[in-house]
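Heads up: the structure comes next, in structure tokens.
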Amino acid sequence: MKKIIIAIDGPAGAGKSTIAKKVAALLGYAYIDTGAMYRTVTLRFLESGLPFSEEAVTAIAEKISITFRYGNGVNRVFADGEEVTDAIRSLEVSRNVSKVAAVGGVRTAMVAAQRKIGNQGGVVMDGRDIGTVVFPQAELKVFLTASVEERARRRYLELKEKGTEVSLEDLEQRIAQRDALDENREISPLRCAEDARYLDSTSLTIDQVTEKIAAMAREVL
């Protein structure tokens, strides 16, 4: 059976990674977490202690080797062989990733890596520009979103479960700011592809969204 490329784009906190993983598992596809790739570059930049510059982050993006290994329900992320699965989800990385991801050299390096992984098909990728830039030829494009309030609530519960205390109001402000940065950056801004299926998950469960996208994929096949 033909295996397609599924591109899931959308704003921060819309549940793209969670949904993409479940869709991939349901269809027997590989899951590529593109957001984790940008987070990994951001982590390495923060660890370098260098002042921010486009040259510095581009150099890191061009040299780094990012790989994924799925096991026991977890998509583990590795940077040059070192696991960074938890480290890339820190608040510090979250605060800086949009700035790093907006750099042209970083995006060029990551897009090349993503295309290399996904060209054979049978993959689910999520990010900000998968359907518009990385794989405009993807057979199925989904723009997954939710209200700012709902996205903040989800992130709040996720952080609380990990023992991190943060105010819900602060999270709402950060997510709104992240949306503005992603939508207004010069290179590969966040937008819904003309041929993408628009899916608002505000009032839907994870399983409901997963099944909706899987059904879309079956229609394409």
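The values are calculated or read from the model by the stated rules, or taken from the named source; none is laboratory data. Quantities reported herein were computed from a predicted structural model and do not represent experimental measurements. Heads up, the Cβs are rebuilt from the backbone with ideal geometry, glycines too, and the neighbour counts pull from every protein chain shown. Accessible surface is based on the protein model in full, side chains and every heavy atom, while ligands, DNA and RNA are left aside. Shrake-Rupley method; radii C 1.70, N 1.55, O 1.52, S 1.80 Å.
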Total charge of the residues flanking residue 122 in space, meaning their Cβ is under 13 Å from its Cβ, with Lys and Arg +1 and Asp and Glu -1, is +1
For the range 172-183, just list the computed ³J(HN,Hα) in residue order, Karplus coefficients 6.51, -1.76 and 1.60, θ = phi - 60°, integers in Hz, with x standing in for Gly and Pro. 4, 5, 5, 5, 5, 5, 4, 4, 4, 5, 5, 7
Output ordering of 161-168, 133-140 (per-residue mean of other Cβ within 10 Å, highest first) is 133-140, 161-168
DSSP-defined antiparallel bridges as percent of all bridges, the chain, nearest 5: 30
Diffing the range 27-39: the Karplus 3J(HN,Hα) column from phi (6.51, -1.76, 1.60, θ = phi - 60°), in whole Hz with x for Gly and Pro, holds 9, x, 9, 8, 10, 10, 8, 5, x, 5, 5, 5, 5
For residue 76, list long-range residues whose amide hydrogen, built 1.01 Å from N in the peptide plane, is under 5 Å from its own amide hydrogen. 69, 70, 71
Collect residues whose amide H, placed 1.01 Å from N in the peptide plane, falls under 5 Å from the amide H of residue 142; neighbours closer than 5 in sequence don't count. 7, 8, 9, 197
Inter-part distance where the range 104-155 and the range 30-72 are each reduced to a Cα centre, Å: 16
Karplus-derived 3J(HN,Hα), 6.51/-1.76/1.60, for each residue of the range 198-212, Hz, glycine and proline x: 8, 9, 8, 9, 3, 10, 10, 7, 4, 5, 5, 5, 4, 5, 4
Going by amide H atoms built from the backbone, whose H comes under 5 Å of the H on residue 12, apart from near neighbours? none
Arrange the peptides 172-184, 142-154 so that the one whose residues have, on average, the most other Cβ atoms within 10 Å appears first. 142-154, 172-184
Take the solvent-accessible surface of the protein heavy atoms, probe 1.4 Å, and return the percent of it on the range 34-118 that carbon and sulfur atoms account for. 51
Please enumerate, by chain and number, the aspartates and glutamates with C-alpha under 17 Å from the C-alpha of residue 63, excluding those fewer than 8 residues away in the same chain. 47, 54, 55, 80, 82, 83
For residue 162, list the lysines whose Cα falls under 22 Å from its own Cα; do not include residues on the same chain fewer than 8 positions away. 16, 21, 22
